[in-house]
Amino acid sequence: MRVSLFSGGRGAAGIARALLRRPGLELSLLINGYDNGLSTGALRRYLPGMLGPSDFRKNLLLHLDRGDPRRELLERRLAPGTTAADLEWLIDGPLNYRIARELQVFAGRLRAEPDGLDLADCALGNLVFAGAYLRLGEDFNAAVRACALTFGSPARLLNVTAGENAFLVALKEDGRVLADEADIVAPQDATAITGLFLLREPLAAAARAELAGRPPERVRELLARHAAGISPNPEALEAVQDSDLVVYGPGTPHSSLLPSYLTPGVAEAIAESRAAARVFVVNIGGDHDIQGLTATDLVDRTLAYLGDPGNERRTITHVLSHHGASGGPAVPRGVVERGCWAGARWISVDLEDAERPGTHSGPRTAEALQAVVGEIPLARAG
């Protein structure tokens, strides 16, 4: 069975791990690279043109047990004052030759251009990505493929876009702007986010000042004028089209998930997919960007971003939500009782990890997904 899972960095990790344990299952993870927080943002400023590697790095951990030296390397945070010479000292250690090669390339750039990047708190795995990006002619998707090979990823790791650089901005209902991805996921008031935009350049302080106080529709119009030119990754479209199951995974909606659906061609690939089951998995935990939104609101937003607000194309066939108390978006009682929303079947079962409240149990969720597929004859069957 072939599964395509729209995901972020960690929200769907347990589900992905459980799926990978199922015999005969091929998993494609569809991710965007708009992360712009802290050290990732600093790295993107140092290498203009590069997307954020953090969520890709996190998904390379799926198959690595705690104590695996590759896991420790990917997650290792560098100390304040780290220099190119310190990286070269690491390279002289017992590293996989592919990892050493990427770090050597990045250290070479850092020696040539020592100003402009403070390595304090940078994840070493992000620098491996950055080195691959530089070595492969500043081709982000080629770097993703190279790192997936280096770390032995059992999942097919795919950027949803062709790799064009873009910066994520959100518009709130009252016209205020969240100027980058880091602001979108940060603590904020409960005023709803009503729009997402992918811009060619970061929103500078002068531009923010120009937008401040303007009516929301005028702000929307001005942001749209600076839209980045984004094209789809053909491999991502092909993976969706050839899937038996499409899963809209849990995660931070306005940074990890909804922006991926803005990619041209994704909605069409879903519509053309042989997948008879297209399942939306409701968050169990809460996020700052969805305050005041219910589970049905998030389903509706997903459908709207995928150009199918009435679900006429069966973009979502099933919704899986946790049965029980949670800190995530509320599930209207009437929806659970009726067992449907927007033409999709609503399934409420116990999905929470008992040892990690607020997160999905991978095995339980994978079992629920398998049960959904079992109800529907697969297009690939026979």
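For segment 175-201, name all the residues that are touching a residue at least 60 places away in the same chain (Cβ under 8 Å) and buried (at least 18 other Cβ atoms within 10 Å of the Cβ). If the condition is that a residue be touching a residue at least 60 places away in the same chain (Cβ under 8 Å) and buried (at least 18 other Cβ atoms within 10 Å of the Cβ), then ASP180, GLU181, ILE184, VAL185, ILE193, LEU196, LEU198 are the ones that fit.
Only a single item in (1) open to solvent by 60 Å² or more (accessible area, probe 1.4 Å); (2) under 18 Å from the mean Cα position of the chain (by Cα) is not met by VAL3, and it is number (1).
Restricting GLY108, GLY93, GLY67, GLY81 to residues that are at positive phi and open to solvent by less than 70 Å² (accessible area, probe 1.4 Å) narrows the list to GLY81.
For segment 6-17, which positions are part of a helix (DSSP H, G or I) and either β-branched (Val, Ile, Thr) or crowded, with 21+ Cβ neighbours inside 10 Å (or both)? ALA13, GLY14, ILE15, ALA16, listed by residue number. Residue count for segment 273-303, restricted to those that are within 17 Å of LEU158 (Cβ to Cβ) and not hydroxyl-bearing (Ser, Thr, Tyr): 1.
Among ILE284, ILE316, ILE270, which is open to solvent by less than 10 Å² (accessible area, probe 1.4 Å), among the β-branched types (Val, Ile, Thr) and in contact with a Gly (Cβ under 6 Å, 6 or more places away or on another chain)? So the residue among ILE284, ILE316, ILE270 that is open to solvent by less than 10 Å² (accessible area, probe 1.4 Å), among the β-branched types (Val, Ile, Thr) and in contact with a Gly (Cβ under 6 Å, 6 or more places away or on another chain) is ILE284.
Every condition in (1) open to solvent by 20 Å² or more (accessible area, probe 1.4 Å); (2) more than 25 Å from LEU5 (Cα to Cα); (3) in contact with a Leu (Cβ under 7 Å, 6 or more places away or on another chain) holds for ASN165 except the one numbered (2). Selection over segment 141-162 of residues that are part of a helix (DSSP H, G or I) and open to solvent by 30 Å² or more (accessible area, probe 1.4 Å) gives a count of 2. Looking only at residues in segment 319-328 that are modelled with pLDDT under 95 and surrounded by 12 or more Cβ atoms within 10 Å (Cβ to Cβ), the one that is farthest from ASP287 (Cα to Cα) is HIS323. Among the residues of segment 216-232, is there at least one that is touching a residue at least 40 places away in the same chain (Cβ under 8 Å), of a type in the set (Ser, Thr, Tyr) and either over 30 Å from LEU20 (Cβ atoms) or open to solvent by 30 Å² or more (accessible area, probe 1.4 Å) (or both)? The answer is yes, given that some residue of segment 216-232 is touching a residue at least 40 places away in the same chain (Cβ under 8 Å), of a type in the set (Ser, Thr, Tyr) and either over 30 Å from LEU20 (Cβ atoms) or open to solvent by 30 Å² or more (accessible area, probe 1.4 Å) (or both). Criterion applied to GLU138, GLU210, GLU217, GLU221 was being assigned to a loop (DSSP other than H, G, I, E, B) and either out of contact with any Phe, Trp or Tyr (no Cβ under 6 Å at 6 or more places or on another chain) or over 30 Å from GLN291 (Cα atoms) (or both), and the one residue passing it is GLU138. When ALA205, ALA155, ALA146 are checked against the criterion of being farther than 16 Å from SER54 by Cα, modelled with pLDDT of 95 or more and hydrophobic (A, V, I, L, M, F, W, C), a single residue qualifies: ALA155.
Listed by first and then second residue, the pairs linking a residue in segment 146-158 that is without any contact (Cβ under 8 Å) to a residue 60 or more places away in the chain to a residue that is of a type in the set (Val, Ile, Thr), with Cβ atoms under 7 Å apart and 6 or more places separating them unless they lie on different chains, are THR150/ILE99.
With a requirement of 3 or more residues that are over 24 Å from ASN159 (Cβ atoms), the helices (runs of 4 or more DSSP H) lying completely within segment 26-100 that satisfy it span 84-91. Would you check which residues across segment 104-130 are of a type in the set (Gly, Ala, Ser) and either within 14 Å of GLY49 (Cα to Cα) or in contact with a Lys or Arg (Cβ under 7 Å, 6 or more places away or on another chain) (or both) and list them? Residues satisfying the conditions are ALA123, GLY125, ALA130. Within the set ARG22, ARG66, the sole residue that is over 17 Å from THR252 (Cα atoms), free of Cβ contacts under 8 Å to residues at least 40 places away in the same chain and of a type in the set (D, E, K, R) turns out to be ARG66.
The values are calculated or read from the model by the stated rules, or taken from the named source; none is laboratory data. Here the structure is a predicted model, which means the values were calculated and not measured. Cβ atoms come from the backbone with ideal geometry, glycine included; neighbour counts cover every protein chain shown. With ligands, DNA and RNA removed, areas are computed over all heavy atoms of the protein, side chains included. Shrake-Rupley method; radii C 1.70, N 1.55, O 1.52, S 1.80 Å.
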